[in-house]
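Scroll down for the structure; my scribbles are underneath it.
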Amino acid sequence: MELAFGKWAYVFLLCCCLIFHGAFSVEGLHGNSKVTGVNLGGWLVIEGWIKPSLFDGIPNGDMLDGTEVQLKSMTLLKYVSAENGGGMNVTVDRDVPSSWETFRLWRVSASQFQFRTSQGQFLTCSGLGCSVSATAGSSTTSETFEIERSNERVHIKTNTGAYLQGTIGGQLTADFPGKPGWDDNAATFQMIIVSNNLHGDYQLANGYGHKEAKRVLKKHRNSFIRIDDFNFLYRQGINTVRIPVGWWIAYDPDPPAPFIGGSLEALDNAFSWAQAYNIRCIIDLHAAPGSQNGVEHSASRDGFTNWPNPDYISQTLHVIDFLASRYGRHPALLGIELLNEPSEAAVPLDILVSYYKQGYQTVRKYSPSAYVIICQRIGNADPMELYQANIGSHNLVIDLHYYNLFDAFFVNMSSADNIQFIYKSREAQLQSLNSANGPLVFIGEWVNEWNVTSGSQTEYQDFGKAQLEVYDTASFGWAYWTLKNDRKHWDFEWNIRNNYLQLGKSAKTQNFKSLILLGLACTFSHLHQIS
């Protein structure tokens, strides 16, 4: 009877372990739980929408790198156009602007710019009286123009001092006589800003210039995330932080222009703070050389995606090698994410898979156990494409980003529709991926925000509860985007303090699980002694 009672205790303990612990656990986390994490976005990789005030002091701040502009002659009332999108002469003969009439700025100084066409060429003009063409494959002094500005009206001057004008024949030439006024003369153009959407590290550093950008970023890095934030996260039951970094961190303290050093010291601090509070770190390569998606958080200069290039991929592997060699055996490291949100439209799958395989092996040189995280392509990509790629055999994780945003599909959804989508579509996908023979699943970014314009606090709470319940089933776990944000519903801290996001058992009971298991283990030990 005593032997049977001892066996019953063992079975009871095993069952309780399965009930409380679930089918999955992540090696290295306290209590063998899964990731309940928060992103430290907008800190070591700048995203202007997270903290817009970082850009307030830039002169001509609406003319940053990548800003799209159109130019309309005030005499001809025609738009400047790069024929065929580039590679030919420039004309002033279009009644309606489109892609050929839209140029992306490269900023040289507060008043000097280069104009890039939709096909990637630069406007160029060399010598007095020259005709402007869109034929330059790279930018030099001949492609640099000075802009004089009076509200929406501009004059454009070459490096020889000649002003551009739109001629009666519809050409753009550098031969306007004398200095133009601001009336409707041939050298005066209306500059229409089509978009000014890029506010990343490149725009900040190149906009301010090195000295001022260094001051602005040092202040930001020292104040935006501090040790007190790790204390707060620990008290909420958060066990992991995902930390976006840019490729230039590997060249700290003097990275290539215009990037600013100092992010490596900040990352070292984060690891120390995390270790002090028993929190683990995921290093996320958010910005790769050449940009993997053309948006501001990949530090794109002008919206082009140039990463799928052998030289850039080689540089990226160097960055992974640097990070893995520096942090691979740090007790606070949980994993390294090889690349954030590569573009499905611009990054071919075979190139991405090849990079992921090389990145996996690079991390394994320095750590046999750190998780290697690979991110799904953004766009119309199937996450199953990475399951079939045979990238690595041990501690491999696929990162999915779940937002009920950024897609017309969600625009007219009600609060109830959004919640049902989480329970039906997202839960079904996670169940499918969890049961597949492949990487663990990580919801590396999600947010308690949607397109519902008048959601009540109760509706936000229900939306957050649905996401937590479903994303808790991901085999690796989840991480909220992001800890701090000027947009309050994106701000994890604001959500917690104002009771819009209720973590409940999703995070705080991880410690409770550990205590239960410990208690059961003690009970089993006691029963075994009795038997």
Worksheet entry | Estimated inter-spin distance, Ser109 and His30, nm [label 7 Å along Cα→Cβ] | 5.5
Worksheet item: Any idea what angle helix 457-471 forms with the longest principal axis of the chain, computed on alpha-carbon atoms, 0 to 90 degrees, nearest 10?
Response: 70
Worksheet, complete the sentence: For segment 67-195, the charge dipole (Cβ of Lys, Arg +1; Cβ of Asp, Glu -1; about the Cα centre) points to a positive end, and the Cα of Thr158, Phe189, Thr173 closest to that extreme belongs to Thr158
Worksheet item: Considering only protein heavy atoms and a 1.4 Å probe, what is the carbon-and-sulfur percentage of the accessible area of segment 195-254?
Response: 48
Worksheet, complete the sentence: Taking placed amide H atoms and a strict 5 Å upper bound, the residues 5 or more places from Val35 or on another chain that come that close are Gly477, Trp478
Worksheet item: For the Cα atoms of the chain, what angle does the longest principal axis make with the long axis of helix 210-223, in degrees from 0 to 90, nearest 10?
Response: 20
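Given R₀ = 45 Å, what would the calculated FRET efficiency be for Asp93 paired with Ser456, taking r from the Cβ atoms and rounding to 0.05?
Working: r = 54 Å, r/R0 = 1.21.
With R0 = 45 Å, the Cβ-Cβ based efficiency is 0.25.
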Fill in: Residues with amide H under 5 Å from that of Glu47, placed H, sequence gap 5 or more
Gly42
Worksheet item: Using the alpha-carbon centroid of each, what span in Å lies between segment 45-86 and segment 207-252?
Response: 28
Worksheet item: For segment 94-113 and segment 469-494, what is the separation of their Cα centres, given in Å?
Response: 38
Item to complete: Taking only protein heavy atoms into account and a 1.4 Å probe, give the accessible area per residue of the chain in Å².
Response: 42
Worksheet entry | FRET efficiency, 1/(1 + (r/R0)^6) with R0 45 Å, evaluated for Asp184 and Asn222 via beta carbons | 0.35
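What does the highest-first list of 239-246, 414-421 look like by mean Cβ count within 10 Å? Please report the intermediate quantities before stating the final value.
On the way: 239-246: 26.8, 414-421: 15.6.
Listed from highest to lowest mean packing, they are 239-246, 414-421.
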Worksheet item: Relative contact order for the chain: what is it in percent, counting Cα pairs under 8 Å that are at least 6 residues apart?
Response: 16
Worksheet item: From the square roots a ≥ b ≥ c of the eigenvalues of the alpha-carbon gyration tensor of segment 67-195, which class results: rounded (a/c under 1.5), prolate (a/b over b/c), or oblate?
Response: rounded
Fill in: Distance in nm between pseudo-label sites at Ile193 and Glu83 (7 Å out along the Cβ direction from Cα)
3.3
Worksheet entry | Of Lys34/Lys424; Lys465/Lys488; Lys34/Lys218; Lys51/Lys214, pairs whose Cα-Cα distance is over 25 Å | Lys34/Lys218
Item to complete: Apply the Karplus parameterisation 6.51 cos²θ - 1.76 cosθ + 1.60, with θ equal to phi minus 60°, to every residue of segment 451-456 and state each ³J(HN,Hα) to the nearest whole Hz, in sequence, with x for glycine and proline.
Response: 8, 6, 7, 10, x, 7
Worksheet item: Under the Karplus relation 6.51 cos²θ - 1.76 cosθ + 1.60, θ = phi - 60°, what is the ordered set of whole-Hz ³J(HN,Hα) values for segment 333-348, x standing for Gly and Pro?
Response: 6, 9, x, 10, 8, 6, 5, 8, 6, x, 7, 5, 6, 10, 10, x
Item to complete: Rank-order 275-282, 56-63 by packing density, defined as the average count of other C-beta atoms within 10 Å over each peptide's residues, highest first.
Response: 275-282, 56-63
Discussion item. Cβ neighbours within 10 Å, averaged per peptide: list 319-327, 399-407 in order, most packed at the top.
Written reply: 319-327, 399-407
Worksheet entry | Length gained when the stretch Asn499-Gln388 is fully extended (0.36 nm per residue, less Cα-Cα span) | 35.8 nm
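Can you compute the charge dipole magnitude of the chain about its Cα centre, using +1 on each Lys and Arg Cβ and -1 on each Asp and Glu Cβ, nothing else charged? Give it in debye, rounded to the nearest 20. Don't skip to the end; give the middle numbers.
Values: 40 positive and 50 negative charges, 282 e Å.
My answer is approximately 1360 debye.
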Worksheet item: Whose amide H sits under 5 Å from the amide H of Asp284, counting only residues 5 or more places off or on another chain, with H placed in the peptide plane?
Response: Ile243, Val245, Glu337
Worksheet item: Counting each DSSP H run of 4 or more residues in the chain as -39500 (n - 2.57), what helix-only mean residue ellipticity at 222 nm follows after dividing by all residues, to the nearest 500 deg cm²/dmol?
Response: -9500 deg cm²/dmol
Worksheet item: Between Phe406 and Leu128, what FRET efficiency comes out of the Förster formula 1/(1 + (r/R0)^6) with R0 = 41 Å and r the beta carbon distance, rounded to 0.05?
Response: 0.25
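Of all chymotrypsin sites (Phe, Trp or Tyr not before Pro) in segment 35-111, which ones are in loop regions per DSSP and have a Cβ with at most 16 other Cβ atoms within 10 Å? Please list the in-between numbers first.
Values: sites: Trp43, Trp49, Phe55, Tyr79, Trp100, Phe103, Trp106; in loops: Trp43, Trp49.
Within segment 35-111, the qualifying chymotrypsin sites (Phe, Trp or Tyr not before Pro) (loop, at most 16 other Cβ atoms within 10 Å) are Trp49.
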Response to the item:
With x for Gly and Pro, the residue-by-residue ³J(HN,Hα) of segment 433-447, computed from phi through the Karplus equation 6.51 cos²θ - 1.76 cosθ + 1.60 at θ = phi - 60° and given in whole Hz, is 6, 4, 8, 6, 8, x, x, 5, 10, 10, 8, x, 8, 7, 8
Practice prompt. Find how much the distance from Lys211 to Ser432 grows on full extension, using 0.36 nm per residue of separation minus their present alpha carbon separation; answer in nm with one decimal.
Written response: 74.4 nm
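Using DSSP to call loops (not H, G, I, E or B), can you name the GluC sites (Glu not before Pro) in segment 83-160 whose Cβ has at most 11 other Cβ atoms within 10 angstrom? All intermediate terms of the calculation are to be shown ahead of the outcome.
On the way: sites: Glu83, Glu101, Glu143, Glu146, Glu148, Glu152; in loops: Glu152.
Sites meeting the loop and neighbour criteria: Glu152.
Run through the DSSP bridge list for the chain and note the antiparallel percent, rounded to the nearest 5.
Details: 36 of 69 bridges.
Bridges in the chain are about 50 percent antiparallel.
The values are calculated or read from the model by the stated rules, or taken from the named source; none is laboratory data. This structure is a prediction, so every number in the text was calculated from the model and none was measured. Every residue, glycine among them, receives a Cβ derived from its backbone with ideal geometry; neighbour counts consider all protein chains shown. To get the accessible areas, we keep the full protein, side chains included, count just its heavy atoms, and leave off ligands, DNA and RNA. Shrake-Rupley method; radii C 1.70, N 1.55, O 1.52, S 1.80 Å.
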